[in-house]
1. Out of 107, 38, which single residue is under 28 Å from residue 22 (Cα atoms) and modelled with pLDDT of 95 or more?
2. Could you tell me whether any residue of region 232-246 is over 21 Å from residue 56 (Cβ atoms) and buried (at least 24 other Cβ atoms within 10 Å of the Cβ)?
3. Go through (1) within 17 Å of the chain's Cα centre (by Cα); (2) surrounded by 16 or more Cβ atoms within 10 Å (Cβ to Cβ) and name the single condition residue 322 misses.
4. Among the residues of region 114-127, what is the count of those that are open to solvent by 10 Å² or more (accessible area, probe 1.4 Å) and among the aromatic types (Phe, Trp, Tyr)?
5. Quick one: residue 283 ticks every box in (1) basic (Lys, Arg); (2) buried (at least 24 other Cβ atoms within 10 Å of the Cβ); (3) in contact with a Cys (Cβ under 9 Å, 6 or more places away or on another chain) except a single one, so which number is it?
6. Can you pull out the residues in region 277-299 that are in contact (Cβ under 8 Å) with a residue 24 or more places away in the chain and over 23 Å from residue 148 (Cβ atoms)?
7. Of the residues that sit in region 189-215 and are in contact with a Phe, Trp or Tyr (Cβ under 8 Å, 6 or more places away or on another chain) and either part of a helix (DSSP H, G or I) or touching a residue at least 60 places away in the same chain (Cβ under 8 Å) (or both), which one is surrounded by the most Cβ atoms within 10 Å (Cβ to Cβ)?
8. Determine if region 171-186 includes at least one residue that is assigned to a loop (DSSP other than H, G, I, E, B), in contact with a helix residue (DSSP H, G or I) (Cβ under 7 Å, 6 or more places away or on another chain) and among the aliphatic types (A, V, I, L, M).
Amino acid sequence: MRWLGPEKGVIHLATAAVLNAVWDLWARAEGKPLWKLLVDMDPKQVISCIDFRYITDVLTEEEALRILLEGQEGKQQREDQMLKEGYPAYTTSCAWLGYSDQQLQQLCTDALNSGWTKFKVKVGADFEDDIRRCSLIREIIGPNNILMIDANQRWDVQEAITWVSKLAKFKPLWIEEPTCPDDILGHAAISKALAPLGIGVATGEQCHNRVMFKQFLQASALQFVQIDSCRLGSVNENLAVLLMAKKFQVPVCPHAGGVGLCELVQHLILFDYISVSANLSNRMCEYVDHLHEHFTSPVVIRNAHYMPPKDPGYSCEMVESSVQTHQYPDGDVWQRHLNK
């Protein structure tokens, strides 16, 4: 199996699925939501869940334990804060490529009226279109709200630098996935070029494993770490990345979406703030507002904040009717496609 990886590709994705289920069972057995299970763990028990192979040149067990022990100070106050206020979120739902200007305007206006202050815009298909859309959205949300841009791996390195430099006037906080997600040195070059413009680089949703994150951090190739609950080897590997990000003082802003990723990653980011980072500066979690109806414990968003889930488990259980309808190859959805 290591020849099929190691720790990347379909084997690693399957590992995440199995281990996510194990963590869900563990939390249910304890009668706690996963974030609370992690927060209540003794730091040494958390350390025992992490594989430190290949990352000890950056983070040793002793260093990780020291970070978690330091995180014990003020932990209860931060937990109480999260239960009361929730964790800051940003929306990706307002500005997908292909939306008309009228739709962008309506969605951004509705989001503002619902309390959203952080907006992400998809870019990279057409430069003039990006200029028009970013201009429109910046005008709607005003100069003080936060704007991020996401190219979804669209450009070569120099193309990314040139393109984003021309979008700098819209004051984006970050450019997300500007180039190939495997190109660590390319991201480092982009980060260095955009730093004088005050634009950071965000990436990680396609990072295979903790070793890639280690190298991104070592190379100063990203200024925002975007962990994913299903790309890495479940909670265990994400714990390693959270601790490395803390050591490098790089904020974690997870990748999420409307396919259960929001439900999952909310637990990890709550643990990060309460027990690891103790910091909300430039930290936020992505939110996409569709498909949550397929989960038995969907996320709760209040005033653009993730409210901590209270049901036991990892919030990853799907509604049985959704599972049956979409199951391959016998579900109704697949049957309709297969019989065309």
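1. It is 38.
2. no
3. (1)
4. Residues in region 114-127 being open to solvent by 10 Å² or more (accessible area, probe 1.4 Å) and among the aromatic types (Phe, Trp, Tyr): 2 in total.
5. Among (1) basic (Lys, Arg); (2) buried (at least 24 other Cβ atoms within 10 Å of the Cβ); (3) in contact with a Cys (Cβ under 9 Å, 6 or more places away or on another chain), residue 283 violates only (2).
6. 278, 293, 294, 295, 297, 298
7. If we take residues in region 189-215 being in contact with a Phe, Trp or Tyr (Cβ under 8 Å, 6 or more places away or on another chain) and either part of a helix (DSSP H, G or I) or touching a residue at least 60 places away in the same chain (Cβ under 8 Å) (or both), then 210 is surrounded by the most Cβ atoms within 10 Å (Cβ to Cβ).
8. no
The values are calculated or read from the model by the stated rules, or taken from the named source; none is laboratory data. Here the structure is a predicted model, which means the values were calculated and not measured. Note: ideal-geometry Cβ built from the backbone for every residue, glycine included; neighbour counts use all protein chains shown. Each accessible area value is taken on the protein alone, full model and side chains, heavy atoms only, with ligands, DNA and RNA left out. Shrake-Rupley method; radii C 1.70, N 1.55, O 1.52, S 1.80 Å.
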